[in-house]
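The values are calculated or read from the model by the stated rules, or taken from the named source; none is laboratory data. For clarity, every value in this text was computed on a predicted model and none was experimentally measured. Note that we place each Cβ from the backbone using ideal geometry, even for glycine, and neighbour counts take in every protein chain shown. All accessible areas refer to the heavy atoms of the entire protein, side chains included, with ligands and DNA or RNA removed. Shrake-Rupley method; radii C 1.70, N 1.55, O 1.52, S 1.80 Å.
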Amino acid sequence: MNDLNKRIEEYTKKFKKDISEVRDKKSLQEVRNTYLSRKKGLVTHLLRELKTLSPEEKPEAGKRINELKETIQEELQRVEQNLESPRFTERIDLTLPGKKRYLGSPHPITLFQQEIEDIFVRMGFSIETGPEVETDYYNFEALNFPPHHPARDDWDTLYVTDDLLLRTHTSPVQIRILEKKKPPVRIIMPGKVFRKETPDPTHLPMFFQVEGLVVDEGINFAHLKGTLEVFLKTLFHEKIRIRFRPSFFPFTEPSAEVDIGCTLCQGEDKQCRLCGGNGWIEILGAGMVDPQVFKNVNTDPEKYSGFAFGLGVDRTAMFAYQISDMRNFFENDLRFIRQFLQK
Amino acid sequence: MRISVNWLKDYIDFNVSTSELIDRLNNIGLLVDEWEETEEDVILELETYANRPDTLGHLGVARELGAGLGAYLRPKEWPLIEADEKTSDLVDIQVSDETLCPRYCGIIIKGVKVGPSPSWLKKRVKAIGLRPVNNVVDVTNYVVFSTAHPVHAFDLAKISGEKIMVRRAKKGEVLKTLEEEDIALSPEMLVIADSQKPVALAGIIGGENSSITEETQDVFIESAYFDPVSIRKTRKKTGIQTDASYRFERGADISFPPQAALMTASLLSQMGGEAAQQVVDIYPKPRKNKTVVLRNHRISKLLGMDIRRDFIERILAKLGFHIENKSPESWQVKIPFFRVDIDREADLIEEVARFYGYDKVPSVFPPLKDVEPGFDQKRARINELRQSLFHYGFNEVLNFSFSAPEKEVKFHTGRAAIEIKNPISSKASLLRTNLMDGILENIIWNRNRGAGGVHVFEIGNIYFWKNEKYGEELRLALATTGMIEETHWAESPQETDFFHLKGTVEAFMSKLRYEPFIFKEENHPYFEPGFSLLLYYKGEMIGGLGLVRKDICKNYFLDEDVWGAELSLKSLFEKQPQPFRYTPVSRFPCVRRDISFLADKDIYFQEIKEALEKLNIPYLDRFELYDRYTGSSIPQDKASLSLRFIFCHPRRTLQAEEVDRFQQRIIHTLKTKFGFQLREGG
Ligand SMILES: [Zn+2]
């Protein structure tokens, strides 16, 4: 009895294999004969052996053998039909290309900006935005650039009137938010900014920035470092080298610039097109919110502290994708843009 | 700022490799952009900051580096060979505007032999990238680039009336500069004048009429402190920027003019001149040093770590700060005049931090507490919109916000464009009032580069004046032209058309649940009359779509049909979309009825749709136009329309008779209202 069951199972498996290899009528007939031939068919044999079983065992075994026989017959019929259909009579080259769907591609800057946003959103930051045409007050004065201060020269400005300008950074949004929201504040502010720059491979009169701001009691420089390190390691990779060095921005004190180690030359190539040979790439400006900025938004700098940072989306994307000319972003050549479908 | 390493060694002793030197400077915030090793020197190109005029000379850089390396500045002697007379015997100096010139010093050197500089001086001058001129000019340059304090040399013989007057310019006065350029002076500018005429634009540039020449014998050296804002305004107005104006504008050291004068005099007297006795020093209101209180606990609080007291005190001392008073908790720090950037406690904390080393501050992820999670509806909608557009094969582009009047005028947007006062070029002299211009540029760019079809969109602001206020409006523009890729061997190539564009618009409007939306065939300035639809939501016009006008396309050398749309996302997002609602799926079979009609061609489908919707047929789940035919088998003014109606009842199977009744109502309405004829078999 056990022997019989084992063979039923064995034939079931073997049949599956045999039928899957059938490619024409001849081989189909061979399979049919192997299992169902009246004289030598495997299933025919099994049915014959039924007789040798005891009356108790007989009905169960008979049922199983008949099931197998039916399955085989159905399969043989199905395959026979297939072999007669045009699909098999006129053979089709299945290695011909499949149908593609034309999908639109995101612009690399938007894509990269979203990548940056997503990292901060996961860290609990909210997204805020502000106007692109700004007043001198929000763009400069509230950020501790006194009128006539030479620091303003570092932010080459396009003016609409004496008081109205195209914002040179997304930092004015800091002021707009702090004016209406009490700490704790944890926000990023992405957007378009403008500078009076003649276009060349690394400068454009319009580009994109993401600004960040964290304000609360007890926020310190170590927190600034911790946040930006997590950010940069997530955006690039865990092993990236990060350097904080002192710098100057009117709206932060102490101020810092954050460089990452050149991934192209590792600082080895004096002619490196990415880092210019010094091994580091400037990625972020940052610092502790200047006490004067807090005073300008009626927040007590003794009670609250905070840090702010900003990075150029275009510049960082150039570095990340090793794009050598920033103008590529705004030519909107689809051969350029559509590569980012795969990103 | 070019820095010579040899020159630094005049002030401090150090012996480190170039790469270590660069690292040290970078770590304290003096960024070395580039460097160059010559045979006997190393030249560093240093990035300096607007608030640190003290680092615009080798002395200041040496002081910083010394603090970083643990070395004190070496004092330097400036011996004089003195003449018999006093400076004040030889010239009468008067300052009539103390606000613009709070301090003015001068000294006369007699019998200077103008000629080539000694080789050590030539080397220094060349090291910072200047050309040696003569000993007097080279000495003044040497003093500026050593101390960051500008000094100016006048030919005393050319000063009329032995009089130096520091005064505001008079209207109509003109100064011919050393560069032979005539500057029209005005009363807000400060000048140095003799009894008759201006001889220099104070703190900016000398006049040709008092300049040093080969014949010069006696020299008057000016060493002053000028008001930074006044210098900046004059510099901007005249467009003349010099090494002197650059430093005065950022703030010179008001305590330093006498020393700079003596240093200059000493150097010139070593080259054959004799210095008159005593520097004249006009400083009517001497200033007091600022003092700032630095509290130990604030350092820890702001940096997130403790720093040892002895380190703090040592660094402050090396940087030239003087601790006047201290308690276990705080220091009272006197700020030297050369540190114009230090006003507050935070400024001193930065000094401590930068010499302690930013790299030694730990990295700590801040505690995330108590911040309301913000959710930006607008951004979420923009993203959904973008996804729909990608799905329909539109690629995202980003164009500059700049435009030109001749471009804007063609779109007749009815918006007053914002002009830029100081544009980078006339082609970018104003801000765009439409997005379509950029899109058309993108189309021709890609067509010229072999693209068979171009399907693009941009989301961005337009800008305009409205009632004397500036405005920004978020818009979406999209356009499609040419072939719809991808080509496939099993299908014939397909060209884009208006309904591809419209389908896309309908899809995202529906995806964002801005329903019901309405299209009306009305004119739009960008689109050909008769090929132009306006889109309405909740009664407001949101934008238009259609065939971009041929006369507009011509400007871009675009001959083919461009189907475009431009919508105001601002208007749309200000309105509420429909709330999302789920409807249970009926477990009972739905009934489908297909009906074909002959209809007049000039009946708008929109009207048919509205009429059918108004009927309120019970259990009519939806209806759609599944075929439209015009051609030889039907009259020329007619179209055959095939409509499919789907009826579903949520709780039971619909009876054929009741659906027949609904169908009759539909047919009746379409017949009577629009004159439809039922087609056989329909
Ligand atoms: Zn490199």
Mean Cα-pair separation over length for the range B:291-360, i.e. relative contact order, pairs under 8 Å, 6 or more apart, %: 38 percent
Shielding score for A:248-259, defined as the mean number of other chain Cβ atoms within 10 Å: 5
Vicinal HN-Hα couplings computed from phi for the range B:12-19 (Karplus, 6.51 cos²θ - 1.76 cosθ + 1.60; Hz; Gly/Pro x): 9, 9, 7, 9, 10, 5, 4, 5
For the range A:43-50, Karplus couplings with θ = phi - 60° (6.51, -1.76, 1.60), whole Hz, Gly/Pro x: 5, 4, 4, 4, 4, 5, 5, 3
For B:A611, net neighbour charge (Lys/Arg +1, Asp/Glu -1) across residues whose Cβ lies under 13 Å away: +2
Lys/Arg +1, Asp/Glu -1 at C-beta; the range A:105-211 dipole; positive extreme among A:P147, A:H107, A:P184: A:P184
Mean-position separation - Cα centroids, the range B:359-430 and the range A:90-154, in angstrom: 8 Å
Ellipticity estimate at 222 nm from DSSP helix runs (n ≥ 4, -39,500 (n - 2.57)) divided over chain B, nearest 500: -8500 deg cm²/dmol
Estimated 222 nm signal from helices in chain A, with DSSP H stretches of n ≥ 4 weighted -39500 (n - 2.57), rounded to 500: -12000 deg cm²/dmol
Cross-link table B:K427/B:K466; A:K225/B:K570; B:K122/B:K290, entries beyond 28 Å C-alpha to C-alpha: A:K225/B:K570; B:K122/B:K290
For the range B:216-233, 3J(HN,Hα) per residue [Karplus equation, 6.51 cos²θ - 1.76 cosθ + 1.60, θ = phi - 60°, Hz, x = Gly/Pro]: 4, 10, 9, 10, 9, 9, 9, 9, 9, 10, 10, 4, x, 5, 5, 4, 4, 5
Accessible area of the range A:108-340 belonging to carbon and sulfur atoms, whole % at 1.4 Å probe: 46 percent
Qualifying trypsin sites (Lys or Arg not before Pro) for the range B:349-454 [loop in DSSP, other Cβ within 10 Å: at most 14]: B:K369, B:K421, B:R449
Degrees, to the nearest 10: B:605-615 long Cα axis against longest axis of chain B: 70 degrees
Number of partner chain Cβ atoms within 10 Å, mean per residue of A:327-336: 5
Net charge of neighbours whose Cβ lies under 9 Å from the Cβ of B:H149, counting Lys and Arg as +1 and Asp and Glu as -1: 0
Centre separation in Å (Cα based) which lies between the range B:441-504 and the range B:596-649: 30 Å
Cβ neighbours within 10 Å from other chains - mean over B:300-307: 5
Trypsin sites (Lys or Arg not before Pro) restricted to DSSP loop in the range A:260-321 with at most 13 other C-beta within 10 Å: A:K270, A:R273, A:K303
Max mean-square fluctuation residue, GNM over chain A, Cα-Cα springs under 10 Å, options A:A142, A:A61, A:A317: A:A61
B:F402 - accessible surface, heavy atoms, 1.4 Å probe, Å² rounded to 10: 30 Å²
Relative contact order of the range B:470-621, defined on C-alpha pairs under 8 angstrom at six or more residues apart (%): 23 percent
Disulfide-incompatible cysteines by the Cβ rule (no partner under 4.7 Å) in chain B: B:C101, B:C105, B:C553
Volume in Å³ per residue [convex hull over Cα atoms, computed for the protein assembly as shown]: 286 Å³
Built amide H within the under 5 Å cut-off of B:I164, gap 5+: B:D92, B:I93, B:Q94
Relative packing of A:39-50, B:209-220, which averages over residues the other C-beta atoms within 10 Å, highest first: B:209-220, A:39-50
Sequence-distant residues sharing a close amide H with B:G207 (under 5 Å, placed H): B:A200, B:L201
Rounded to the nearest 10 Å², the accessible area of B:F623 at probe 1.4 Å: 50 Å²
Chymotrypsin sites (Phe, Trp or Tyr not before Pro) within the range B:1-77, DSSP loop, no more than 16 other Cβ atoms inside 10 Å: B:Y72
Under 5 Å, built H, 5+ apart or other chain: amide partners of B:I542: B:L535, B:Y536, B:Y537
For the range B:288-321 and the range B:155-234, distance of Cα centres in Å: 43 Å
Proximal lysines to A:K58, defined as alpha-carbon separation beneath 21 angstrom and excluding residues fewer than eight positions away on the same chain: A:K6, A:K69
Heavy atoms of A:Y321 accessible to a 1.4 Å probe, total area in Å² rounded to 10: 50 Å²
Cβ-based net charge around B:D92, under 11 Å, with every Lys or Arg adding one and every Asp or Glu removing one: -2
Residues of type lysines that B:K170 reaches as a straight line, Cα spacing below 29 Å, ignoring anything fewer than 8 places off in the same chain: B:K158, B:K197, B:K233, B:K236, B:K237, B:K285
Packing rank of B:159-168, B:453-462, where each peptide gets the mean count of other beta carbons within 10 Å, highest leading: B:453-462, B:159-168
